[in-house]
Structure formats: structure tokens, C-alpha cells
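Written out below as C-alpha cells is the structure these notes cover.
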Amino acid sequence: MNPAYSVIFFTTASGAGYGAIVWLVVLALLGIVPLTPALGASVIIVSLALITAGLLSSTFHLGHPERAWRALSQWRSSWLSREGVAALVTYVPILIFAVGSLFFSAYGPVWIWAGLIAAMLSLVTVGCTGMIYASLRAIPRWSTPLVVPLYIAFAMSTGAVLLIAIASLFWPTPGLIAWCAAVITLAAWMLKIAYWRQIDNAKPVATAESATGLGAIGTVRLLESPHSSENYVMREMGYTIARKHAARLRKIALVVGGVATALALVIAGLLPAPFATAASIVALIFAAMGILIERWLFFAEARHAASLYYGASEV
Amino acid sequence: MTSLPTATDGRKLGLVIDLDICVGCHACAVNCKEWNTGGHSAPLTDEEPYGADPHGVWFNRVHSFEAGDGDSGRTVHFPRSCLHCEEPACVTVCPTGASYKREGDGIVLVNADTCIGCKLCSWACPYGAREYDYADGVMKKCTLCIDRIENQHLPPEDRLPACVSTCPASARHFGDLGDPNSDVSQLVAERGGYDLMPEMGMQPVNKYLPPRASTRHDLETPAPPPETIPASTDTGSDFLNWVDRMLTR
Amino acid sequence: MPDDIRPDDRYEKVDQSPVVSDEVKTTTCYMCACRCGIKVHLKDGAIRYIEGNRDHPINKGVLCAKGSAGIMQHYSPARLSQPLRRVGPRGSGEFEPISWEEALDTATEWLGDIRRRDPRKLAFFTGRDQSQSLTGFWASQFGTPNHAAHGGFCSVNMAAAGIYTIGGSFWEFGEPDWENTKYFMMFGVAEDHDSNPIKMGLGKLKTKGDAKFVSVNPVRTGYSAIADEWVGIRPGTDGLLVMALIHELIRTGNVDLDFLARYTNSHWLVRRAPGTADDGLFVRGRDGKPLAYDRNTDQLVDAARIDISPAMRGRFPLHEAAPGDGGSDAEAVPAFQLVLDRYLDEAYSPDAVAEQTGIDADRIRRIAAELAHAAFEQEISLDVEWTDWAGRKHDKIIGRPVSMHAMRGISAHSNGFQTCRAIHLLQMLLGSIDCPGGFRYKPPFPRPAPPGPKPAGKPHQVAPGTPMAGPPLGFITSPEDLLIDDQGEALRIDKAYSWDAPLAAHGMMHMVIRNAWAGDPYPIDVLFMFMANMSWNSSMNTTETIEMLTDTDPETGEYKIPKIIYSDAFQSEMIAYADLILPDTTYLERWDCVSMLDRPICSADGPADAIRQPVIAPDRNVRPFQDVLIELGARLGLPAFTTDTGAPKYPGGYADYLVHHERAPGIGPLAGWRGEDGSSHGNGAPNDNQLERYIENGCFWSEEFAPDERYYKHSNRAYLDKAAKMGWIASADPIVLQLYSEPLQRFKLAGQGFGNVVPPVRYRDRIAETFDPLPIWYAPFEESHTDLEDFPIHALTQRPMAMYHSWGSQNAWLRQIHGWNKLYMNRSTAEDQGLADGDGVRVESPYGSIKARIALMEGVNGNTVWTWNAIGKKRGAWNLSPDAPESNKGFLLNHLITDLLPPKDGYRFGNTDPITGQAAWFDLRVRVVKDDGSDKALANDPSDSGIAPRAPGVGKAAERLRFGARFLPASNWRRSRGGEDT
Ligand SMILES: Nc1nc2c(c(=O)[nH]1)N[C@H]1C(S)=C(S)[C@@H](COP(=O)(O)OP(=O)(O)OC[C@H]3O[C@@H](n4cnc5c(=O)[nH]c(N)nc54)[C@H](O)[C@@H]3O)O[C@H]1N2
Ligand SMILES: Nc1nc2c(c(=O)[nH]1)N[C@H]1C(S)=C(S)[C@@H](COP(=O)(O)OP(=O)(O)OC[C@H]3O[C@@H](n4cnc5c(=O)[nH]c(N)nc54)[C@H](O)[C@@H]3O)O[C@H]1N2
Ligand code: SF4
Ligand code: SF4
Ligand code: SF4
Ligand code: SF4
Ligand code: SF4
Ligand SMILES: [Mo]
């Protein structure tokens, strides 16, 4: 699949934003983080900015951005529509929670509920994003049970790193939280490794033989494409990255996004304030790099069934 | 409407393509382009038509495959367009309802006035049958010639999809696959018509007829000739007695 | 029911019954030479849709890919828009626009001058047009023998071998009996001129499912892909395969002797007197009629008599059989005996040819058995009474349902004439010519084998200011007919009908530029060409051809070919090499005629012809070439184009000519609705309303034969009478199929030094060896000149079904399908050489080297590579952008093909068939090596030689095409979005 930058940015940015909101609510409710107006506002503003920028960027690749509102109509059947609705709905509790944390004691029942609902809806939204991909049978590498957990895990991991980076500006991060974030990050990447294993070992779902129905005669190979230049389907769906490059990129993503991020977090938890802040920001940078590569690969490694008509032998 | 119709009227209009006959001439593809670029989905935009990278919107494309190795294999020309699936993911994923399956005849269409061009339907279609028009910013696709098949301004014999009426080899058939007695259903039954990629669960309405065994008309290889042919072919040699029949002019 | 509320309108209101067009006009397609009937839908003054005409005899409503892309042809940005005069050097592409008046004045001046001095100084050659009956007539009115159309480089082998053998031929001049055939064998066809009819026929045959379809072709694509059996023969060896089949059929006694005795010259006696001047000629009676040996009376009798039992074999000493005739050793042998003698030879056994052809001997034996089975065990008979030429009534029509078709895979080799004759021999032995289930003639064929008249152009027939006595092309039967001078050298600029190519029935357009440049046999002054891209895809040896077109005489600075006039409709490669450009219309803008005098559209079941009418008015300053030619004829004062007072005879141009020109009394370009009231067909006085009648009828005329006229036309009384009445044949005599070809033997004898007209020494062996009266096989010439280990691979081209020669590339839709070409190679051959799919390679022949990208496939002969024909373009031509894939990734195989063979005894023969002069495109041998350079630039030499600028009046091409947007209602939102709506 062609890795479209707007979609990569949207899924990663909004994922981190939603993740940070979830952590903010949970940590605040558990009392682990003192929800000062400054901290609450910063986390919420940054998260909303990421979410909003992501949503906006995702409309860039629309042929008709001015009609984007129509995408909210088919929530009964379409995961994309559901994601849109969920994303919009989630704004409401987030904003209520924001108001609460800024101007009132965030620990009142209304605000608590608003926070909890915001966190839940954030997870739902990320889940919907995952489901958009997981529901596409035509792309077997996406259509697996691991995809939704992965989207959620990465949202939680990048959200945590984001939150820590912001929080460290205001308030010395307790080591425990940073270490927890490191564990979560490693867990997310473990899940990713499992996913990679799975897609590498998965039996092909469809083959050139099944796509053409000619398998009874023998191996099926493309002799000629319909046209001598690439069409929309080949441009959009035909992108494939060589195994060699994919393997290298996977390693880089894992080392940067997983190992280096986790290390930076551990260090952040060990060091005093200004250094902890610096380490947290480094962790955020690593995490961002890692997730961008991860998401790029998510697309680039996915093979669309339609490519069977253009020379692929299996997907 | 993104949700699929719970029941179509029983009609399932679609195409049957005979891979045993298709010579890969692209007539169906170009005639489709010609009709449809001025038809319901007009225009089918072409980018860089005279430039380095010409490409455009086509609802029907003819691939060529080889199946099997060496002499015993086959070359199979393979036209491919929307299969008007019964469980079309292209419809269910659509966030706007622009992509829909008609109740009356099962035709899958895109409403160009509400499509936002998110392209998700093209990701969902395993067959690569959806065509994005970069200029219009909307998804387009085979309409099964919605503006021909019941067009009161065309003579009845022309109320066929453009690709079907133009196919020089008669490799394409159009009809109601929901009616087991229709010509197309009978053809599918007789010839073992099949679905493309059934594993995708889309339940295509269009069917493909397989190439027939290439050996079905072969005679048995005759016995090898005697070691030597009588060297002399002169009159009188037994070997050529058949020539000496009394012929009349 | 547009007003019905449909449940589906909930989603979107779809107009299922839009008005398609304001007006529908019929005409004839010209996206290729197949001539299908079309209906053009016009809306708001533009072309909305072109579809096949269901009533039309050729295509019955279907339309191919090219035909469906007619709109893009018509609106192509590569169209020329005004007459042009060259201002820069040749090849620079620098022109200035001029008026038609100036253009016609210039042409008249150039041509008038040479007509007064020496009309031979005009070489007038036309390409893929359909007005040869006009152009040929014009040339002979002008007085030049130097005229031909493209047939010489196209498929004259096929045409000539057919005409000389069975009085008809493959091409589109005959067709398999698709309805009845049980076994169809196709040799070397990718597409052919009968594009749609063949596809329709194959579809019918395969749908019926009771017939076997065998395709003999090194490549398994297109038609071969749907064959029941694909025979992946080694190129150039079909003759061996066919003769091995003949060997088997004879060996097993599976020959239709009755057919041979009745319809062929197999029982005619051939004189065997080796070393004498009459050897191999027919034994004739005093009246000149060929004789046969009657076994009833043991006498030599007129072979045409029907009351005899002719001997089919035996050897009859001539002095006994016909006392007083011939030398003492001479014997008379039935032609069929010679067939037996030759093909029973071990050299033609399946085992002997297996290796060379690459086809297993058992397989050859099986195919022979299948042919025999279909012909003799599956005999069909139609309950139709008919009468043969001799007046005998038959209550049935017997059919041997084996049919064959062959085209350029056979003919584009230097042994193609003889191979094609071998196929016809095979048909005759099976008794499967013009019978139910067999190969069938389309009228006006069959004609005598060969028919008259002979080509004009002998010295006494060419004189200043005078028309020639006859047409420049025809069929010759003996060395006396050759167009040569006393030294035996050619009289025509293309050397047709000379010892280079005695039976060059279509001329040799491919030799014109070379000979004109070399002044061999003489210099010419004006090269006038129409519709032929001779600097590019129809030239062999492109690189040198371009040099010859631009070469100057070092002393005078004049171009070696002084003046070039060219008519094209588009900015093709050739434009840059002409001095005066006469821009033509597109096929939708002009009158045209598909005439029985030229290449008709008849079916085997009846005659037909057609017109093209202008369906849309030109929006540029262009004129139909035929109008221009007729006007030039009038300006030059050619007798047939002027009245007694010297005024133009056809002031109404081509349309006027079509109606009023008579070739012979009552016979004109169009056969339908003749006679003043339009009531007679075939024959009759001109009818002023003829064109209207054609238009009313869908722009064609057709008639069906009665059931008893449809088969055995060569021998069918009812048919022959009708054909004679219609003027298709000169007399209603039966047409005898020529198993044994006496004209060839006459040339052979000349090659052996006998007769009054003998070839110069350098030709003798070649003539003596190749002009065999019975089909023979010899290796394609290039193989004897080339180191086969160095160049081990055959390189071929195929017609893509969705592209017409070079002219499809300006078509926005078709060029998406074939924007560049790959070189297809057998997978194992490539892998043995370490080549992988997609590799960049150099393809090298002894004559040149180009770059290409390879694609591997299973279905191709292991010794063969191939590519699609005519896809590679010269940079900048056709108004394509300079970075177009056609000139960056695509390639033209022609750069590797030579037009001349290496010198032999100081003379370079053309790379052609020695009999007809047919260009041997497919003899090419190459080697394929991995490209050591980078594979980013795959451009090839001549295409790189400078970018042709856009000609004046050729506008910048659109960057986005939204054709059809205009047909949406103005209110539609989509109209407002960007892009050009052409
Ligand atoms: N390697 C290789 N070369 C081959 C062959 C092969 O098999 N292999 N095949 C050979 C054969 S059989 C043929 S017939 C030739 C064909 O080769 P050409 O005769 O050169 O055919 P085209 O390339 O179509 O060029 C015809 C010209 O006619 C022009 N034209 C198109 N429409 C019109 C019109 O309406 N009016 C006028 N005035 N001009 C028009 C086109 O623009 C083009 O310049 O190629 C030969 N060359
Ligand atoms: N779409 C389209 N139609 C056309 C044309 C076009 O350009 N495009 N051109 C028209 C013209 S001018 C012509 S002349 C006709 C030509 O029509 P075809 O006769 O079909 O000519 P080619 O495409 O050259 O195909 C030659 C075939 O012969 C095979 N072949 C080559 N060598 C041998 C051999 O030694 N033995 C055998 N058995 N096969 C061999 C090749 O693989 C190829 O399949 O097509 C006409 N129709
Ligand atoms: S028009 Fe018919 S024969 Fe030609 S490619 Fe299409 S289906 Fe095949
Ligand atoms: S083929 Fe693709 S576009 Fe057509 S209905 Fe099926 S899923 Fe949808
Ligand atoms: S591109 Fe259009 S039709 Fe396709 S899913 Fe998006 S809105 Fe629906
Ligand atoms: S049914 Fe109509 S739209 Fe669909 S492929 Fe055929 S011609 Fe094109
Ligand atoms: S075969 Fe195609 S291009 Fe040729 S005349 Fe017929 S429709 Fe036109
Ligand atoms: Mo040709």
C-alpha cells in the first residue's frame, strides 16, 4: 500500500494525543499526577492540537474536503464513519474535562465522569482507526486480530511518552511513571514483533491462482499489464517495499522507537529535574521517529489483493 | 447507502466473461471508456494524455496471464471490471453513503455528488475495480452501463453494456444471474463458471468461464510409419495404389 | 420509464435513459484497414460515441479497440492543420505555413515539369490507404510506371502465392467457412486485416465447440492463446512443417484425388526433358491447350475434357505418346506424379523436419491424421443443388471441413512465397478450397491464376506528356513480361518486375528511398508519398533511410532525392523529411470509397462495398487527399481528369469522381445502385443519387449469393456467370487451380539460361533455385549471411490488437495501453543466459544495436524474441512530449533490420523474397545481451537524433483530458473542475 503521509501523520499524531488524554485522566484520578491547571491545560492543548491537526491532515487527501462532514453519516456500517463520529464526540468530554481541570477542582463528580468518558472515547476512537484497517479483507496483513490492539498499544505508549515529556516541564516526573511508560513502550513493540512474526509466517490468503481462477492449469504469472503505465490502483495499492529494506527499517524502528525510547525513559526516571526533562524530550523524539517508521512500514509492507492482478503472486 | 440492501428484487445483473474465447483485444476496455467518458460518470479523466506518464480512468482493463509452464501452459487474456459483488466491502466501508448497491438489480454505484474521495472503498475492493478520478476528486467505477441497459432512447437490441455489445469474439455476456433460468445462469452452469477470489467473501455476481482443456479435440497419435517408405514411387509400386483409382473428371 | 420512482432513487437519482445524441450518422471506420461499418453519434456538434453498425456485413455491430478510440483520433493534437513548406534543412522539422493555392501551384509546377520531360521522374507511392484504384489510375494517367502502394512490404507473398496458385488468397480476400469448419489451422497471424471478422469467426467456432483450432506461431498470444493447439514453430520453417504434413497425407493415402482431377492442373502433363528449353512446361496440343493422359483411351487429350479418366501418375515417353513431339528422351508426367516424387522424399518426412522446425515428429503425424480425419471422416454435405462449369448437376455440395488462414508470419520471410504456395498445395490435396467447411473466396475472387492484365511500364509504354497504356501493377507470367531493359536492368525505380523480384505484384515501396537516393536504376525528381511513415516504422534500416532522405550531392548541394511531397493527417516522423506537406483530413471528415476495384469488403456469401461520408466538418485548413489528387490531375491536364475543353472533369472532387468515373463502361468505383434510376447493381450507368442511396443504406451496399452460387466458385456455373456479368472476371471460364506453376518454371528455365530473356549472371542461381514450380523450402536468406552462433535468436514483431502501426500513438486512449514496448523472451532461454524479467538488454543484429527491457514468458519458441510493432517513436514526433515513454522506453525493431543483404558477387540483393520482392521483416537474427550501462535511459539511436519541433499550426497538447465533460448538463458540479475539455 502506498504510505500516504497525511494518513501516517493522522494516525500517529491522533494516537499520541488520545493516549496522552487517557493517561492524564487515569493518573489524575489515581492521584499520581497533581492535576494543576498548567499541566492539565498543556497536556490537553497539545493533545487536542495533535488530534485536530491529524484530523485535518486526514482530510487533505480527500478529493472533496469540503464534503468531509458527509463522512459522519454511515456510522452504522463504516468504521471510517465511526471513527469520525467518535473523534468528534470525544471532543465534548475532553473539553468538559479541560474546563474542569482549568477552572474547577477536577475532582468533582462531573469532571471525573467527563474525564472517564473522554478516556474511554479516546480509546474507542483509536480502536475505530484500527478497525478501519483491520476490517479490510483485501489487505490480509491488516485484516488480523492484532491490528486493533497494536493501534491502542502504540497510542498508549506514545501518549505516555508525550505526557511525560510535557509533565516534566512542570513537575519532576516520578521515576515510577517513566519506568511504567518504558515498560508499556516495550510491550507495544513486543506486540509489534508478534505482528511482524505473524505476517511473515502467515499463509497467503489469496494468490494469483485464486485471483484469476486459473490455478488448475498451473502457476499463474502476469504476462502483460492492461496498460503500459501505472494506473490509480497500481499507484495506490501496488506499492511494495523490498524485503531487505523492510527488515532494516523494522530494526531501526524497533531500536529507536522501542529500545532507545525505553532507555531514555528509564534515564529520565533516574535523573533530577532539568536532566529528566531533557531525557523525556529525547524519549519523545525517539518515540515519534519510531512510530513514524512503524506506521510507514504498516502501509508499505501491506499487500493489497488487487496487486495479484498486476504481477504479485500472493498476498 | 452504506448498508447493503437486505434483499434485492432477486435480480442480480452482471457479466459473464468467457476466458476460453477472449483474445485480449481490448475492445471492451476502449469501448467502455468511450461510452462512459460521455455517460453517467462523465468524464473519465486522462492525465498526461500526450506526456510522459499517461494514465486515466478506465472501468474495464484487460490483463494477460500465463498459466502453467512451457508448451503445456496457456496464455489467458483476462478482462477485469467491477464484479457487482453481493457482499461488497466497497459499499460497507464507505463513510458517506456515496457507494451503494442498488436494491432493484444489485448494481453497485458511486454517487459522485456525495463521494468525498476518501479512497477507502478502493482499499476495500480486492479486485482493484475502483477508479479514482484525480480531477474530479471522486471515485468512479463500472456502472454496468446503467445509462444503456434500460435506456429508452436506444433500440432494444442496443440495451446492453457497451463492452458486451462491442466484443468481437462474443466473449462477454450480460444478464440476470439471480435468475437460474437466464441465459447467463445456464451458461455458468454448463461451463463451470466461477468466482474470482472467493476467499475474500465478496460473493461476486460476475462470473468467469474457464478456458477449456486444450486437448479435447486431439486424436490419438497414429502409429509411427514403417521403417522405410518404398523408395520407388513409380507406377506399379503397391504403396501408391490408391492413386491408381479410375478417376473421372 | 424515466418517470418511475425507483426504490434506488433514495441513494441517487440516476438518469437511466439519457438522450444519447442529437444525430447519428453512419460511415466506415478507418482506424485500420478492416473497414467496419460505424454509427457516429453527434451531440452538440461534437462526437459523443462511435459504435459498430449492426447491419454492416463486415462487423455486424462489433467494434474493436481502435475503432472505439476513433474520437481520440479525430480530436488528436497531432493533427496537421495547414499546408506547409519546408524552410529549414530536411529533418529539422522547420516549416512555414502556406495556402492551398500555393501548395497546389508548387506541386503542379514540380509535377508538370517532369511530366513534360520524363514522367518516370515521378515516384508516386502510397501507404495504407484504400484508394488504390484511384491512385494507380492517376499514376498511369500521369504516365509513370513508378507507382505502388504498400503491399510490397506488407504481404505480397501471401497475395501473389495465392493469386498464382488458387486465383485468390488469404489476407481479407478469403475466409474460413466459420460456420461449418471442423478443423481450422492458422499460420503466422497476430491480427490481420480482417480484424473483426476473424475475431467474430473464432468466437463462433469456439462457441460451437465442435471444431479444432490449431495455431502455428512462434508466439502464444492473441488468437494463438485461444487455440486448442498451439504449435510454437521456429520462425521461417513453416514450409518444412507443411511439406511434412503433405508427406504424411500422401503416405497415408489421404488425398482428395477427385478434387485434384476436377479442379486443379494435377493431371496436366509436364514435359520432362532436363537440359532443354521446354523442360517442365506443360505438354500442349496444337491448339495450345494443356494435355492429359486419358486412361480410357490411352491417348493424350485436352486436359479440360470432362469425359476422360486422367492418369494422375505415371511417366509417358513423349515420342510414343505424342509422336513427333519433343526430343527422344522427353517424357510426359502428370503434375501430381511430380508432387508424389518430391514430397514422399525422406527429406520431407516428419522425422527429417522435426529438428529444424522444433516440432516433434509424432506431433506432426498426429496433426496430419487429424487433418485427414476432419477432411475425410467428417465430410459434410449441404443439400443444395448446383451446376458445375461443364453443366453437370450435383445434388449436394460436398465439404471437406478443413480451413486454413495465413498471413505475415509466413509472408514476411524470404521464403514466404513458396511457403504460402505449400499451404495452398496442402489445401488442394485435402480438397478443401471453396467448399463447405473450407477456405472460401470472397468476390471478386476467384480470378484466373493469375489474372490479367500485365503491368505497363515497358519503354514503349512510357512517354512524355502521355498516359501509360495500362496500370502500373499487374501479374506477369513469363520473363518476356518483365519491366527490364536490354541489359536486364530494372525499368522501375523500385525494381519491381525486374530480376530482383519478377513477380512483384504489389511493387516494392520499401526499395524506393534507397534506389532514388542511389539513382539506381536512374535518378528521380519528385518522390510523392501518401499515408506512409517511410522514414520510420515502414522502413527497414531506419538509420540509413533517414540519412538517404537528408543526403545531398556534395557538388551541387542538392538533395539526392530532390523533391518530396507528402500527404499525412498527423505530424508523423515522416513530416520532417518532406518539402511540401499536403495535410489530409481525418476519416470522419471526408468522402471515401471501399471499392470492389480495390480491396473490397465482400464476404464469401456475397459482394459488398462501402463509402465513407463526412460526418463532421474539418475545423482546420485541411483537404481530403483524394480531392487534392483529383485537382492536381485536372491542373496537370491528365486526360481522365479533364474534359475535352480542359476543364476539371470532377469539379465536385472525390465524391463526384466516385459517382461519375467509369473504369469500363458501366463499371465504376461503387457497385451499388447504378443505372440512372439506381436499380442495377454491379454494372450500370452512373447514378447522380448514388451516394445518397449509400447513405440511406448505412453507407454500404451488399448482396447475398443464392445458395447454389456460394461454393466451388472456381468451377460453379451460376457463380462464374454472375462474376463475369459483374465484371469481376473477364470471362466465365472455370478457374483451374495451379498445383504446378508453369509461370514459375518459365523463370526457372530463364535462370538456367534458356529462352529469349535470361537474367544477368548474378541472378541466375538465385532464380533457378527459388522459382520452383512446386513448393520448396529454403532457409531464409539472412541465415546464410549471418553467423548463426553469433546471432542465435529470431526477432519478430506482432501487431498489437489495440494499436494501428505508428498512427495509434497520438491517440490518448490507445497509447495508455501500448505506450512502450518490451522485448519478450522465453523464460528458460533467458535464464540460461542469466537474464531476469525486467532486465535492460542490448539487442544486436549484424546491422545495429538497440536497448530494450525484457519480459519473460513461457509461450514463445525458445529461439525467438518478439515485441509489439511500431510502438517506438522518434522524440517529439506525433506531438508527444519529449519524455514520452514511446521514445524513452519503447524501441523500434526496424533499427536492426537491413534493407539490403550483404554483397554477393558485388551486388546487394534486397532483404526480400526473391520471387515477389516482399520485405523479409521476420528473417531478422539477433543476440540479446545484458545491458552493461545503467537502465535509466533506454532510448535508441535514431529516436535521439534531435527533437522534431511542433509543425506550424500544431498546438500544444493538453496536460489533462476531460473528454466527455461537455456532455454533462451545464449545471453539473463536475463541469466546474479543472482541466481541459477537449
Ligand atoms: N519491424 C516491422 N516493421 C514493419 C512491419 C512489421 O511487421 N515489422 N510491418 C510492415 C507493414 S505490413 C506495414 S503495412 C507497414 C506500415 O507502416 P506505414 O505504412 O508507415 O503505416 P503507419 O505507421 O500507420 O503510417 C501511415 C501514415 O499514415 C498517416 N495517416 C493516418 N491517417 C491518415 C489519413 O487519414 N490521411 C493521411 N494522408 N495520412 C494518414 C499516419 O499519420 C502515418 O504517418 O509497416 C511495415 N513495417
Ligand atoms: N490492430 C492492428 N491491426 C492490423 C495492423 C495493425 O498495425 N494493428 N496492421 C494491418 C496490416 S498493414 C497488416 S499487414 C496485417 C498483418 O497482420 P498479421 O499477419 O497478423 O501480422 P503480424 O502482426 O505481423 O503477425 C505476424 C505473426 O506471425 C508470427 N510469425 C512470425 N514469423 C513466423 C513464422 O515463421 N511462422 C509462423 N507460423 N508465424 C510467424 C508472429 O509471431 C505474429 O504472430 O495486420 C493489419 N491489421
Ligand atoms: S472485447 Fe472480448 S475478446 Fe476483446 S478483450 Fe474484451 S472480452 Fe476479450
Ligand atoms: S468488485 Fe470491488 S468495487 Fe465492485 S462490487 Fe465488488 S468490491 Fe465493490
Ligand atoms: S471514495 Fe467516495 S465512494 Fe469511496 S469510500 Fe470514500 S466516499 Fe465512499
Ligand atoms: S458494463 Fe459498462 S461500465 Fe462496466 S465494464 Fe462494461 S462497458 Fe464498462
Ligand atoms: S477492425 Fe477496428 S479499427 Fe479496423 S475498421 Fe474495424 S472497427 Fe475500425
Ligand atoms: Mo501491412
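The values are calculated or read from the model by the stated rules, or taken from the named source; none is laboratory data. Bear in mind that the values here come from a model prediction, so they are computed numbers and not experimental data. Cβ coordinates were reconstructed from backbone atoms using ideal geometry, including for glycine residues, and neighbour counts include every protein chain displayed. SASA here: full protein model, heavy atoms, side chains in, ligands and nucleic acids out. Shrake-Rupley method; radii C 1.70, N 1.55, O 1.52, S 1.80 Å.
Can you give the extra length, in nm with one decimal, that the chain gains between C:D721 and C:T252 once fully stretched, where that is 0.36 nm per residue apart less the Cα-Cα distance? Walk me through the intermediate numbers first.
On the way: separation 469, 0.36 × 469 = 168.84 nm, distance 3.83 nm.
In short, 165.0 nm is gained.
For GluC sites (Glu not before Pro), the sites in the range C:463-555 that DSSP calls loop and that have at most 10 other Cβ atoms within 10 Å are C:E555. At an R0 of 60 angstrom, the distance between the Cβ atoms of B:D183 and A:L270 translates into a FRET efficiency of 0.15. Label sites at C:D329 and A:A187, each approximated as a point 7 angstrom past Cα along Cα to Cβ, lie 10.9 nm apart. The range C:544-607 and the range B:136-178 have their alpha-carbon centroids 40 Å apart.
Out of the range C:197-286, which trypsin sites (Lys or Arg not before Pro) are coil in DSSP terms and have no more than 16 other C-beta atoms within 10 Å? Intermediate values should be presented prior to the final figure.
On the way: sites: C:K199, C:K204, C:K206, C:K208, C:K212, C:R220, C:R251, C:R262, C:R271, C:R272, C:R284, C:R286; in loops: C:R220, C:R286.
Taking the range C:197-286 and a limit of 16 other Cβ atoms within 10 Å, the loop trypsin sites (Lys or Arg not before Pro) found are C:R286.
Where in the range B:54-111 are there chymotrypsin sites (Phe, Trp or Tyr not before Pro) that are in a DSSP coil and have at most 16 other Cβ atoms within 10 angstrom of their Cβ? Mind showing how you got there, number by number?
Numbers: sites: B:W58, B:F59, B:F65, B:Y100; in loops: B:W58, B:F59.
Here no chymotrypsin sites (Phe, Trp or Tyr not before Pro) fit, given the DSSP loop and packing criteria.
In this simple spin-label model, placing a label point 7 Å from the Cα along the Cα-to-Cβ direction at both C:D905 and B:A52 gives a separation of 5.6 nm. A simple spin-label model places pseudo-atoms 7 Å from Cα toward Cβ; at C:D44 and C:D360 they are separated by 6.3 nm. Computed over chain A with a Gaussian network model linking Cα atoms closer than 10 Å, the most mobile of A:A181, A:A134, A:A273 is A:A273.
When the accessible area of the range C:783-930 is split by element with a 1.4 Å probe, what percent falls to carbon and sulfur?
Numbers: 1760 of 3800 Å².
The value for the range C:783-930 is 46 percent carbon and sulfur by accessible area.
Using a probe of 1.4 angstrom and keeping all protein chains present, the accessible surface of the range B:13-209 works out to 20 square angstrom per residue.
Only helices enter this figure: runs of n ≥ 4 DSSP H residues, each worth -39500 (n - 2.57), summed and divided by the residues of chain C, yield -6500 deg cm²/dmol at 222 nm to the nearest 500. Across the range C:60-96, the residues whose backbone nitrogen lies under 13 Å from the label position 7 Å along the beta-carbon direction of C:N621 are C:81-85, C:96. Across the accessible surface of chain A, with the other protein chains kept in place and a 1.4 Å probe, carbon and sulfur atoms take up 74 percent. For the chain pair B and C, buried accessible area totals roughly 9800 Å², probe 1.4 Å, rounded to the nearest 100.
Applying 1/(1 + (r/R0)^6) with r as the Cβ-Cβ distance of C:T207 and A:V110 and R0 = 51 angstrom yields a FRET efficiency of 0.10. Per residue, the accessible area of the range C:783-930 comes to 26 Å² when a 1.4 Å probe rolls over the protein heavy atoms. Between the beta carbons of C:S731 and B:R245, assuming R0 = 35 Å, the FRET efficiency works out to 0.60 to the nearest 0.05.
Every helix of 4 or more DSSP H residues in chain A counts as -39500 (n - 2.57), and over all residues that averages to -23000 deg cm²/dmol at 222 nm.
Near B:I17, once Lys and Arg are set to +1 and Asp and Glu to -1 for all other residues with Cβ below 13 Å from its Cβ, the sum equals +2.
Couplings for the range C:627-639, taken from phi via the Karplus curve 6.51 cos²θ - 1.76 cosθ + 1.60 with θ = phi - 60°, read 4, 5, 5, 5, 5, 4, x, 5, 5, 7, x, 5, x Hz in order; Gly and Pro are left as x. Annotation: for a label point projected 7 angstrom from Cα along Cα→Cβ of C:A347, residues of the range C:219-254 with backbone N closer than 17 Å are C:237-248. Chain A packed on chain B takes about 4800 Å² of accessible surface away from a 1.4 Å probe, both sides summed.
Would you calculate a helix-derived [θ] at 222 nm for chain B, using -39,500 (n - 2.57) for each DSSP H run of n ≥ 4 and dividing by the full residue count, to the nearest 500? Can you show the working numbers first?
Working: 5 runs with 33 residues, N = 249.
Roughly -3000 deg cm²/dmol at 222 nm, from the helical runs in chain B.
Quick one: of C:K748/C:K904; C:K199/C:K495; A:K251/B:K140, which pairs are farther than 29 Å apart, Cα to Cα?
On the way: C:K748/C:K904 20 Å; C:K199/C:K495 37 Å; A:K251/B:K140 40 Å.
Too far apart for the 29 Å limit: C:K199/C:K495; A:K251/B:K140.
Here the accessible area of the range B:13-209 is 48 percent carbon and sulfur, with a 1.4 angstrom probe and all protein chains present.
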